[in-house]
Amino acid sequence: MRRRISSSAAALAAAALLAGAAGAPAAADHRSPAAAPATTKHPYEPGQRPWTLPRPPAGYTAVFTENVSRHGSRALSDSEDGDLLLALWQRAADAGALTPRGQGFAAEVRSLLDANAKVGYGQLTGRGKREARQTAARMKQRLPGLFAAVARDAGNPAGAGTIDVVSSGQTRAADTGAAFVGGLVDGDPALAAAVTPARKDTALLYFHKAPENADYRDYVDHDPRLAATLAGIRDQDRSHRAARRVLERIFTAPFVDRVAAGEFGGDEIGAAQAVFNLYSVTPALSDEGRWHLDRYIGPAEAAWFGYLDNAEEFYSKGPGFTGSDITYKMAGVLLDDLFKKLEARRAGTGGLAAELRFTHAEEVIPLAALMGLPGSTVQAAADRPYTYAENPWRGATVSPMAANIQWDLFRKGDSFLVRMLYNEKPTAFKPACRPVAGHSSFYALDELERCFGRTGR
């Protein structure tokens, strides 16, 4: 979702609440051209290496694994930001209003747009495919016994089970699934026979577009409180100052005045956000080229526009407003499916050894909030908008590119334990759930059913 919000009385009122409260976002790690934005565009980094994971209690063996994974790093969704900036640059060039540094800006933008078009707008980049393959390889390394049994029994209906691959049906999600399977099969071709044909399930993995969630889309598009809050966060003095610093590296100050006055449509914040959006995608395209947009946006500005991006994601997909679950209750369909697959494996039905799901930030972020995962538990009061100082939510940790939630099922006789990994790091379930011991990462399946209210189903 991309908003272009103008100032309003409501926006100014909300901005007043933010005065001095945002907490200065730390300057981004801005080592061009590979600097990564602290937003949901952040490329994937595993939270922990396989060999450092705690072992299951004695006698327990892995019998099933499942995940929910966001697609890997991708190209820009479209050329809108680049087109806007190129049109603005041409107006400035015609008016003799480019700075010496700004002379080379259009060539940089055109090169970046060409690379995105070659990959395909919205599609996986080379880095995105590699993220999926490497994540799969680590999954296999964590669960060697499970995947060895699957490979050994491939084609045997009474064997260890099959590997089911399902996606939202969007090309980047389906391609992530294909790359992930490639990472599993690599080095063990026998696994290929256990992989069932990939399928799509839009109701499960693209639920934000489902007919039954029209109330969510109405909230995003029309809720006045949301619009006023986001406008207020955007329309701060700091946003205007940061925008001018960005644009004055490209255009002369009098021309930036004209942009700010709305002469070309929009304002200076929108134009600077477009620069940030282009800058943000460059780490995802590290295999396709090198760009130097840090010449136009400095660490402090990048950090600030990253905060604005995080605020939008927080309210539109994450924990959102105190007392409201409109942004995440719809993830119940996915949480239910996670439990159903565990329960089927316990019952000995379904014949699955692995259930691999590939989806989008619009699904992973609500699921994290619904499950109460770290960084997704704090909502924002209507009179105290989201700030870094008061809220731990960050897109780069909640749902970077290729973000994943994995549940592993271990068996000992008739007893079943579950371990959760979040971006490959052992992660506790919500506090209402009791692990098998102290600070253990393992939970009895019966206990998870109790604490998530599934008993009696």
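Structural remarks
- Considering the stretch 174-195, and only residues there that are open to solvent by 40 Å² or more (accessible area, probe 1.4 Å) and not acidic (Asp, Glu), the residue that is modelled with the lowest pLDDT turns out to be Gly187.
- Only listed residue being out of contact with any strand residue (DSSP E or B) (no Cβ under 7 Å at 6 or more places or on another chain), in contact (Cβ under 8 Å) with a residue 12 or more places away in the chain and farther than 15 Å from Tyr307 by Cα, chosen from Thr387, Thr397, Thr377: Thr377
- Per-region count, the stretch 303-351, residues in contact with a helix residue (DSSP H, G or I) (Cβ under 7 Å, 6 or more places away or on another chain), more than 17 Å from Val398 (Cβ to Cβ) and either part of a loop (DSSP other than H, G, I, E, B) or at pLDDT below 95 (or both): 2
- Within the stretch 49-100, tally of residues that are among the basic types (Lys, Arg), in contact (Cβ under 8 Å) with a residue 12 or more places away in the chain and loosely packed, with under 13 Cβ neighbours inside 10 Å: 1
- Meets criteria (open to solvent by 20 Å² or more (accessible area, probe 1.4 Å), closer than 30 Å to Ala95 by Cα and among the aliphatic types (A, V, I, L, M)) for Ala253: yes
- When the helices (runs of 4 or more DSSP H) confined to the stretch 176-249 are screened for residues that are in contact with a strand residue (DSSP E or B) (Cβ under 9 Å, 6 or more places away or on another chain) and touching a residue at least 24 places away in the same chain (Cβ under 8 Å), those reaching at least 1 such residues are found at 202-205, 224-234.
- From the list Ala368, Ala354, the lone residue that is open to solvent by less than 10 Å² (accessible area, probe 1.4 Å), among the small types (Gly, Ala, Ser) and part of a strand (DSSP E or B) is Ala354.
- Search result, residues across the stretch 276-302 that are assigned to a loop (DSSP other than H, G, I, E, B) and open to solvent by 50 Å² or more (accessible area, probe 1.4 Å): Ser286, Asp287, Glu288, Arg290, His292
- Restricting attention to the stretch 153-173, the residues that are in a helix (DSSP H, G or I) and modelled with pLDDT under 95 total 1.
- Filtered by the rule that a residue be of a type in the set (D, E, K, R) and under 28 Å from the mean Cα position of the chain (by Cα), the stretch 399-433 gives Asp408, Arg419, Glu424, Lys425, Lys430.
- Residue satisfying all of: in the stretch 200-241; within 30 Å of Ala149 (Cβ to Cβ) and in contact with a Gly (Cβ under 9 Å, 6 or more places away or on another chain); most open to solvent (accessible area, probe 1.4 Å) among these: Lys200
- Meets criteria (crowded, with 20+ Cβ neighbours inside 10 Å and in contact with a Lys or Arg (Cβ under 7 Å, 6 or more places away or on another chain)) for Gly122: no
- Total residues in the stretch 325-337, condition open to solvent by less than 30 Å² (accessible area, probe 1.4 Å) and among the hydroxyl-bearing types (Ser, Thr, Tyr): 1
- Residues located in the stretch 251-273, provided they are among the small types (Gly, Ala, Ser) and not in a loop (DSSP other than H, G, I, E, B): Ala253, Ala260, Gly270, Ala271, Ala272
- Any hit, the stretch 124-143, residues being of a type in the set (A, V, I, L, M), at pLDDT below 95, over 19 Å from Tyr296 (Cα atoms) and outside any helix (DSSP H, G or I): no
- Condition check for Tyr388: open to solvent by less than 20 Å² (accessible area, probe 1.4 Å) and either under 27 Å from Ile326 (Cβ atoms) or at pLDDT 95 or above (or both): no
- Those residues of the stretch 416-449 which are of a type in the set (S, T, N, Q) and touching a residue at least 60 places away in the same chain (Cβ under 8 Å), in sequence order: Asn423, Ser440, Ser441
- Verdict on Gly102 being outside any loop (DSSP other than H, G, I, E, B) and modelled with pLDDT of 90 or more: yes
- Residue in the stretch 61-80 that is under 30 Å from Phe180 (Cβ atoms), part of a helix (DSSP H, G or I) and either touching a Ser or Thr at 6+ places or on another chain (Cβ under 7 Å) or hydroxyl-bearing (Ser, Thr, Tyr) (or both) present: no
- Hits in the stretch 198-249 (condition: of a type in the set (Phe, Trp, Tyr) and under 15 Å from Phe321 (Cα atoms)): Tyr216, Tyr219
- Annotation: Asn404 fulfils all but one of (1) open to solvent by 10 Å² or more (accessible area, probe 1.4 Å); (2) touching a residue at least 12 places away in the same chain (Cβ under 8 Å); (3) more than 30 Å from Asp235 (Cβ to Cβ); the unmet one is (1).
The values are calculated or read from the model by the stated rules, or taken from the named source; none is laboratory data. None of these values were measured; they are calculated from a predicted model. Heads up, the Cβs are rebuilt from the backbone with ideal geometry, glycines too, and the neighbour counts pull from every protein chain shown. Only protein heavy atoms, including side chains, enter the accessible area calculation; ligands, DNA and RNA are left aside. Shrake-Rupley method; radii C 1.70, N 1.55, O 1.52, S 1.80 Å.
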